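Below is one structure; the comments refer to it alone.
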Amino acid sequence: MRAKNSEWTEKGLLREISDGKESAFRYLFDTYYQVLVAFANRYVEDLDSSRNIVQDVFVGLYDKREVINIHTSLKAHLYQSVRNRALNHLKHEKMQREHHGRIKSELNERTDFNETWAISELEGRIAKVVNELPSQCRKIFVMSRQDGIPNSDIAEHLSISKRTVETQISKALKRIREDLKAHGYLPLFALIIGWFVMLF
């Protein structure tokens, strides 16, 4: 029953809630909702999550009203219930972050593996084409693209004209592009910037 100060007594409030009196439950909700939200927010630091936690506590209390067994005060029971749910919320969030982190890590590893595999395939294919070039063409191409020797120095070293060097490099590049296109490797150029620049 109600006390003279218009507040419910502890035992009376529990009895009325157990009997399903909405007025008693509304009084309990109006009295503690805001302070419990603030209390939950000290743990989870998210207002929406705090509201959901407190609402879940009240829903749980109402659902179990007929068998409710509180060994402490009703106020202490509400605070303890909110604290437990807040901690469970944090534990669940932590597990989700760890799970998402593992998935992200696995995806990154998978991507790294795929890129490494693609790069190896592309480099191997280019090396094969270079090795099959005519002797002088291969030599000029290697000196230019792999050793980084200027065309003028290559010409001087091989006693040929600079124009010849440029022509042989163009032939090598054309052969490589045609081979990669024929075997479906052309889209992989973007994965190897060095070779990309080299070939274009």
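Looking across region 168-181 at every residue that is open to solvent by less than 70 Å² (accessible area, probe 1.4 Å) and in contact with a Leu (Cβ under 8 Å, 6 or more places away or on another chain), the one that is modelled with the highest pLDDT is identified as ALA172. The set of residues in region 22-44 being within 17 Å of HIS77 (Cβ to Cβ), under 34 Å from the mean Cα position of the chain (by Cα) and without any contact (Cβ under 8 Å) to a residue 40 or more places away in the chain consists of VAL37 alone. The set of residues from region 46-69 being assigned to a loop (DSSP other than H, G, I, E, B) and loosely packed, with under 14 Cβ neighbours inside 10 Å comprises LYS64, ASN69. Only a single item in (1) open to solvent by less than 80 Å² (accessible area, probe 1.4 Å); (2) modelled with pLDDT under 85; (3) at negative phi is not met by GLY184, and it is number (3).
Would you be able to say whether some residue in region 158-167 is at pLDDT 90 or above, open to solvent by 80 Å² or more (accessible area, probe 1.4 Å) and outside any helix (DSSP H, G or I)? There is at least one residue in region 158-167 that is at pLDDT 90 or above, open to solvent by 80 Å² or more (accessible area, probe 1.4 Å) and outside any helix (DSSP H, G or I).
The values are calculated or read from the model by the stated rules, or taken from the named source; none is laboratory data. Please read all numbers here as calculations on a predicted model, not as lab measurements. Cβ sites come from the backbone with ideal geometry, for glycine too, and all protein chains shown count toward neighbours. Side chains are part of the model used for accessible areas, which takes the heavy atoms of the whole protein and leaves out ligands, DNA and RNA. Shrake-Rupley method; radii C 1.70, N 1.55, O 1.52, S 1.80 Å.
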